[in-house]
1. Assigning unit charges at the beta carbon (Lys, Arg +1; Asp, Glu -1) and nothing else, what dipole magnitude in debye, to the nearest 20, does the chain show about its Cα centre?
2. Please compute the contact order of the chain in relative form: average sequence separation of alpha-carbon pairs under 8 Å and at least six residues apart, divided by the residue count, as a percent.
3. With a cut-off of 13 Å, note down the residues of segment 287-310 whose backbone N falls inside the zone around a label point 7 Å from the Cα of residue 17 toward its beta carbon.
4. Hey, if we sort 480, 442, 17 by accessible area with the 1.4 Å probe, largest down, what's the order?
5. What are the ³J(HN,Hα) couplings of segment 330-344, residue after residue, when phi is run through the Karplus curve with 6.51, -1.76, 1.60 and θ = phi - 60°? Round to Hz, x for glycine and proline.
6. Which of 464, 289, 419 sits closest to the plus end of the dipole of the chain, meaning its Cα is farthest towards the positive end, when Lys and Arg get +1 and Asp and Glu get -1 on the C-beta?
7. Quick check: from the Cα gyration tensor, does segment 83-173 come out rounded (a/c under 1.5), prolate or oblate?
8. Using a/c under 1.5 as the rounded threshold, could you call segment 349-392 rounded, prolate or oblate? The axes a ≥ b ≥ c are square roots of the C-alpha gyration tensor eigenvalues, and prolate needs a/b larger than b/c, oblate otherwise.
Amino acid sequence: MPGKAFYVTTPIYYVNDAPHIGTAYTTVLADVIARYRRALGDDVWFLTGTDEHGQKAAEAAEKRGLTPRAHCDELSQRFRDTWAPLQISYDVFIRTTEPRHLRVVQAVLDDLWKRGEIYRGTYEGWYHVSDEIFVTEKEIEEKAIDRSKLRRISEDNYFFRMGRQRDAIREAVVSGRLEIRPASRRNEVLGFLEKDLGDLCISRPKSRLSWGVELPFDRDYVTYVWFDALLNYVTGAGYLQDDATFARTWPADVHLMGKDILTTHSVYWPAMLLAAGIPLPRRILAHGWWLVGGTKMSKSIGNVVDPLSYATKFGVDALRWYLVREMVVGQDAEFSDERFRARYDGDLGNEWGNLLSRAVNMIGRFGGGKVPSPALEHGGPSEPRTAAAALLDTLPGLVDDVALHRVGEAAMDLLRAGNRHVDLTQPWKAAKDPAKGSVVADALYTIAETVRVASEVLRPILPTKATDALAQLGVTPSGDLRAALRWGGLVPGTAVVPGPVLFPRVDPPAR
Ligand code: MSP
């Protein structure tokens with residue numbers, strides 16, 4: 001019986017918008033988690049995809065004079081085309097318009113209907129005529145919507161009995177069976193669950209919106225957006241299609257998302273699963289927002305950063321590094337050119353690239369181009385060696401905790417210790433004294449080993465650059481991170497392969 005795979009998901013993205021730094025962030029974060037898990041020996045199931053039904057997609061298509069399907073095909077492809085160069089190693093790219101997903105949604109709807117978890121009722125509310133959407137009192141206030149555009153409407157629709165799941169959801173959150181992170185978000189959800197949970201309107205009459213999934217028990221209606229979208233996580237895990245895959249993958253180990261869609265994931269989704277008799281996911285993790293000049297990056301404000309422009313200019317790995325290192329998972333972070341350059345020049349250039357070129361150059365000059373045989377075992381005790389041992393101990397816990405910024409920082413600490421070791425031992429001075437051959441050998445071994453271990457640690461975050469760095473040391477990356485982190489892995493006699501500067505200078509923008 002194969003074990004349980006580690007199942008990680010991103011939200012599935014709306015196709016009314018192109019990929020940007022916000023969506024790229026969650027996707028890179030999921031990818032880095034997936035790569036660490038694989039390197040630590042887990043079987044991984046990594047899902048991302050696109051959320052294609054509903055009013056917004058239909059309108060975006062109409063504006064472009066396309067059918068919804070043609071529009072969705074194109075935009076969904078645009079996401080795939082962005083994720084490929086960003087090195088996103090997903091196992092499943094799901095689209096909510098796939099026939100297999102329609103079958104899952106309809107099967108769940110049918111089951112809930114037959115068991116009385118869905119009922120027909122009257123939806124009462126304000127309807128925005130030109131926008132074709134229902135709006136709540138709260139939205140009218142907040143967005144200062146012109147009341148002359150609103151009409152009071154009463155319309156028959158279908159409702160999911162979400163309210164009856166409240167106590168069960170609360171129990172799951174309180175007991176930790178459904179973990180919500182960070183703790184501040186968990187409290188927010190528990191606060192929300194204090195109040196009565198209403199039932200959820202899950203349908204629209206086809207006469208108003210046809211771009212959705214037809215209700216199996218009433219062909220005049222479709223379901224759309226959340227009820228349809230959330231189920232992607234089980235469709236993509238093989239639910240009602242492939243029992244062996246579903247048993248291997250479900251429940252999800254972590255659903256990643258931005259804090260704006262926390263409630264749908266930690267209230268609607270568990271309610272749906274509880275009603276359908278499907279086990280709950282283990283963890284929900286909400287990250288913060290990327291801000292530009294202190295405000296959320298968003299299309300309507302017009303401060304959106306295109307992920308590929310940074311990848312083109314600084315390299316894909318540098319972008320992945322910035323996203324992972326700069327944002328403390330759970331908090332907001334500022335995306336700025338200045339901060340980006342500081343991380344690029346500081347962390348990547350001055351610490352990593354610098355230590356690599358120092359190691360390779362000195363081995364060339366004082367070691368005949370081969371990793372020297374150290375006099376003391378593995379180069380003897382040193383600050384980097386102690387730092388590497390500590391890293392090996394803490395890494396699995398940090399990965400479990402999704403504290404990836406701390407993993408990145410620990411790798412930088414190790415590199416900083418390596419650069420200090422160069423300054424401390426000054427091998428170029430010792431090399432002048434024939435009696436100090438063993439001092440030089442120990443120093444060079446320690447420095448090269450530091451770069452090797454740090455590059456292995458960084459590989460899930462910067463897969464290409466880490467592989468390049470290891471290649472300069474004459475090393476093929478290891479598939480087993482724990483083994484790779486053990487000090488002493490570098491084999492004396494290995495020929496180094498001097499290569500280009502790892503992070504070349506990128507000129508600042510012309511003013
Ligand atoms: N389609 C829904 C999700 C359905 S999941 C069953 C959706 N899509 S979205 O395309 O609008 O947003 C996807 C994600 O991008 C959300 O997690 C959101 O938090 C994230 N971000 C959008 N802008 C963001 C920032 N400026 N910063 C960080 N993440 C942001 O919601």
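1. The calculated dipole for the chain is roughly 800 debye.
2. Value for the chain: 15 percent.
3. Correct set: 289-292, 296-307.
4. Ranked list, largest accessible area first: 480, 17, 442.
5. Along segment 330-344, the couplings run x, 10, 6, 8, 9, 9, 9, 4, 4, 5, 4, 5, 5, 5, 5 Hz.
6. 419
7. The shape class here is oblate.
8. oblate
The values are calculated or read from the model by the stated rules, or taken from the named source; none is laboratory data. On a predicted model such as this, the values are computed, not experimentally measured, just so you know. Cβ atoms come from the backbone with ideal geometry, glycine included; neighbour counts cover every protein chain shown. All accessible areas refer to the heavy atoms of the entire protein, side chains included, with ligands and DNA or RNA removed. Shrake-Rupley method; radii C 1.70, N 1.55, O 1.52, S 1.80 Å.
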